[in-house]
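Before I ask anything, here is the structure I am working with.
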Amino acid sequence: AQRYGHREIADDGAVGTRFQLGTQTLSVTTQTRLGRVRGRVGAQGLSKQYVAAGEEALTPAANTVSGGAFVYQEWPLTRGAAPEARAAVLQVGARYDLSRLSSRNGLSKFGPGRTVALRSPSGSLGLSVPLTATLTVSGSMAQAFRAPTVEELFSNAVHAALGSYELGNARLRPEVNRGAEAQLRYVSAHATANLSGFVNQIQRFIVPDVQRDTLVNDVVLPLAVYRQADAVLRGFEGSAELRLREHVVLGVMGDYTRGQFSGTRAPLPFMPPGR
């Protein structure tokens, strides 16, 4: 369990907005083994109580309860190989999540309290094949989901950290991501290297759409309204480490992601640059 709080203090010393967040998490996992197949099964739970008090509050107070159950198994495909041996391995995972977010009555600008209940299955299928004693190639396909946050659903205020006025959308639905990834990994006594590429097709991708400027207390700010649209993310990442001598390791890394809306091919906003 965690408790967090802070106060935003104006130049004259007055407290403008108070924030409090309580979080409780529970996770139970057990290992499984059936012949050559082994893995894990488990369940996770999350409860959050969020309170923002003051005229500058970005969102209403809200409670979130979510839970999920999952199973993950690895199956060596080489007959007679022990799980620890270097063999081709099939990896299968499945998960089911439930989420319930309830906003509370408060400032009139947020409207009456509302409840959003979401549920979704997700899963993955992967294959790892050792090419040599040091080189492994692998690939995977997966489907996952992400529930909209209280900020994306119910915001109606200035977001001081971003310098914009944010307006939420209570009609948002969960994002559904279907993606594939390929990876090449090298591991030896003195060096490691990893190179991977991915593509993700996301249904109902949630973005803060900056539509125009708005005037707030005689200050002009961009107006960002949360909306959804299908999108595609493509990218790659790589890293390598070389042990030059004891306690001396030389490393290098890089990554790049490109995101576009599926229909218009316009770039997604707020994408990070390549590194």
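The values are calculated or read from the model by the stated rules, or taken from the named source; none is laboratory data. Please read all numbers here as calculations on a predicted model, not as lab measurements. Ideal geometry is used to build each Cβ from the backbone, glycine not excepted, and the neighbour counts take in all protein chains shown. Just so you know, the surface numbers come from the protein's heavy atoms only, side chains and all, with ligands and any DNA or RNA stripped out. Shrake-Rupley method; radii C 1.70, N 1.55, O 1.52, S 1.80 Å.
Ignoring everything but the protein chains, give the 1.4 Å probe accessible area of HIS190 in square angstrom, nearest 10.
HIS190 has an accessible surface of roughly 110 Å² with all protein chains in place.
Taking K and R as +1 and D and E as -1, what net charge do the other residues with C-beta under 15 Å from the C-beta of PHE198 add up to?
Around PHE198, the charge tally is +1.
Still on this structure, I have one more. Leaving out ligands, DNA and RNA, what percent of the accessible area of region 125-275 is carbon and sulfur, probe 1.4 Å?
Details: 5250 of 9060 Å².
So the carbon and sulfur contribution to the accessible surface is 58 percent.
At 0.36 nm per residue, and after removing the present C-alpha to C-alpha distance, how many nm does the segment from GLU241 to PHE19 gain when stretched out fully?
On the way: separation 222, 0.36 × 222 = 79.92 nm, distance 4.28 nm.
Computed gain between GLU241 and PHE19 is 75.6 nm.
If you count only protein heavy atoms with a 1.4 Å probe, what accessible area per residue comes out for region 114-192, rounded to a whole Å²? All intermediate terms of the calculation are to be shown ahead of the outcome.
Values: 4190 Å² over 79 residues.
Each residue of region 114-192 exposes 53 Å² on average to a 1.4 Å probe.
When only Cα pairs under 8 Å and 6 or more residues apart are kept, what is the percent relative contact order across the chain?
Numbers: 702 pairs, mean separation 27.7, N = 275.
Answer for the chain is 10 percent.
Starting from the Cα-Cα distance between PHE261 and MET141, subtract it from 0.36 nm times their residue separation and give me the gain in nm to one decimal. If you can, show how the numbers build up before the last one.
Working: separation 120, 0.36 × 120 = 43.20 nm, distance 2.11 nm.
The PHE261-MET141 span can extend by a further 41.1 nm.
I've got another one for you. If one computes the Cα centroid of region 163-195 and of region 95-112, what distance in Å separates the two points?
Centre-to-centre (Cα) distance: 27 Å.
Under 11 Å from the Cβ of VAL220, count the other residues' Cβ atoms, weight Lys and Arg +1, Asp and Glu -1, and hand me the total. Display every interim value, and only then the final one.
On the way: positive: ARG212; negative: ASP213, ASP218.
Net charge around VAL220: -1.
Sort all Cα-Cα distances of the chain into consecutive 10 angstrom bins from zero, then give the percent of pairs in each bin up to the one containing the longest distance.
6, 19, 26, 25, 16, 7, 1, 0
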